[in-house]
Each structure stands twice: as structure tokens, then as C-alpha cells.
Amino acid sequence: MPATLSPPASADLDALREHAHELRRLMMTMTRGKGEGYIAQGLGIADCLAALYFHELRYDAADPTWPDRDRFLLSTGHYSIAMYAALARAGYLDEAELPTYGLNGSRLPMSTFDVTPGIEVVGGSLGQCLGQAVGMALGLRIDRSPARVFCEFSDGELDEGSTWEALMGGATFGVDNLVALVDCNGIQADGPVTVAIEPVADKLRAFGWDTREVNGNDLAELTDALAASREQDGRPKAIVLRTTPGFGIPSIMARPRAHFIRVTDDEWAGFMDELEANR
Ligand SMILES: Cc1ncc(C[n+]2csc(CCOP(=O)(O)OP(=O)(O)O)c2C)c(N)n1
């Protein structure tokens, strides 16, 4: 049986905040094993994953290929640390497996691959996922499936023409069973976003997407936008998430360069203290 047949009408924000905190705690546990990771992005997207996996998505963790499941596609494969935390808390993975993150032979590689239960697509080759999501949404609609497709991608992927081609495709096919979640965290590999991608929301609207913009670290705004995205009006949906890299751990939030972080044992203990102090 699926975990939920349809999202509840109103969100339990306190419960979702607790889930988001636990996702951050699990991510930090994984970081301790490997000593490094794409932690800042993971901490930033944790609220969105909590809102999805513990409120909006229909899935059955015991049956990861249940045909009517909603599909969540993570385009930024390097955000895998956040995905594994969510998949463990949702029941797809055993928490005991999480410390193998990034280790040789692990089912939890640093960039998502097709070896992990609950991972729908191989991520990491940036700019490829939204096109797959459009095709998937179209296929589900042709099959008259009630399932929806949710596709996360990043502000960095707005530098790529393939993303804009997929945006045009989504509008052309009118896939209103597709929700794009655009993680605008303001950073790319070498520092702040410098390509003129803004105004993102206006551009998505001009491309025919029913678009909302939210503070991606505010669960009330997130769940409201997700609820609005259920409307079936012939337009694909987009939610622009303004997220803060490192959210929940102020000394990571304060780093100007946070794309990839190495963590010593002492730093790790300090980060955990900060996380608990900010819950
Ligand atoms: C097609 C492609 N080009 C380059 C890379 C190398 N790469 C990995 S992460 C990254 C940063 C991209 O920035 P963004 O997607 O905004 O992610 P964030 O800064 O939030 O980690 C790059 C360029 C890649 N994975 N795929």
C-alpha cells in the first residue's frame, strides 16, 4: 500500500520542521564518515525534501517501483547526500547504511546512480534531467496515470540550453502533472552565480510555466506552493526556491565558497552543536 494516497489538505509544519532537522542531522552523520561532501547544498534543500517526502509525494517505500508513485527526480546528482537522508527517513534505506556515503562499493555514491532504491534517474550530468522529466510526465499522462513528476534542478543548470529546450517542451505538451523545483541557492562551483539568469520566475512565466517563487527554507511557503501546484490547468508548474547554502549551520552559511566542504573531526563537533542550537 502506498504511504499516502493524496496529500493531506493542510501541512503539519511542526512535524515537517522536525523532519527537516533530522535530514540535516543525518547528512552531518554521513559527512563524518567521508570527511567531506556537498553539504551546503544538502542543508539548503532539506526543507524542500521534507515538504516533498513527508507531505506532498505519494509513494510506497516498500515498493519503490509502484507504478502510481509520484516521481521525484534529482537533477543535481551531487546533492545526493540530502537525497539519501530523505530516502532513509522515508523508509527506502536503512539509516545504518548512511555512513557508507561516498565510500568504495557503497550504494550511496557521491553523485546519484541507479544503484539506490528510490533514485529514479542517474543524476550529475547537469542539464539533462528536466528533459527526462517532461518525457516522463507526458508518458504518465498518455497512460492516464494519476502520478505526478517533481524535478529539482539548480540555478547553475539555467546556464544550459538543454534546460530551456525542456522548458519549451514542457509548455508545448502542457504537462500539468510536472512540477519543476528550481534551487536558486546563488552559488555554482567557483562561487556566486555570475551568469545573467535573473529574473528567473519571470523567465519561466514567459516560457509558459505556472510559476511561484518562495523562500525555500520556509516550510509554510513551500507547502503552500506545492498545494497550488496540484492544479490541473494545462500548464506545467514551477517553484523557484530561494535557498540558503548551509541553512541550519551558521558558520557554513557564512562561507563565501561552499560548493564542496571538507570537515575535520573538531569542525564536525562544532557544526553539530550549531545545528542543535538552531533547531
Ligand atoms: C554538464 C556538467 N557540466 C559540469 C559539471 C561539473 N559540476 C558539478 S557541480 C557543478 C556546479 C554547478 O552549480 P549548481 O548546479 O548551481 O550547483 P551548486 O552550486 O548548488 O552545487 C559543476 C559545474 C557537471 N556535473 N555536469
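Summary table
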item	result
Karplus 3J(HN,Hα) series, Hz, for segment 169-183 with 6.51 cos²θ - 1.76 cosθ + 1.60 (x for Gly, Pro)	x, x, 5, 4, 8, x, 7, 7, 9, 10, 10, 8, 10, 9, 7
Amide proton proximity set for L181, modelled H, under 5 Å, gap of 5+	C151, E152, F153, I239
FRET E, pair R279, T172, Förster distance 35 Å, beta-carbon r, rounded to 0.05	0.20
Rounded to the nearest 20 debye, dipole of segment 13-277 from Cβ charges on Lys, Arg, Asp, Glu	360
Computed E for L103/A269 - FRET, C-beta separation, R0 25 angstrom, nearest 0.05	0.70
Neighbour-count order for R230, R24, fewest beta carbons within 10 angstrom listed first	R230, R24
Gain on full stretching of the segment that runs from E36 to T194 - 0.36 nm per residue minus C-alpha separation	54.3 nm
Full-stretch length increase - A228, V115 - with 0.36 nm per residue and alpha-carbon distance subtracted	37.4 nm
Alpha carbon centroid spacing (whole Å) that separates segment 83-138 from segment 67-82	6
Selection from G123, A86, A61 lying farthest towards where the dipole of segment 57-179 points positive, charges on Cβ	A61
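Just so you know, all these numbers are worked out from the coordinates, no wet-lab data involved. Quick caveat, the model's predicted, so the values are computed rather than measured. With ideal geometry, Cβ positions are generated from the backbone for all residues, glycine too; neighbour counts draw on all protein chains shown.
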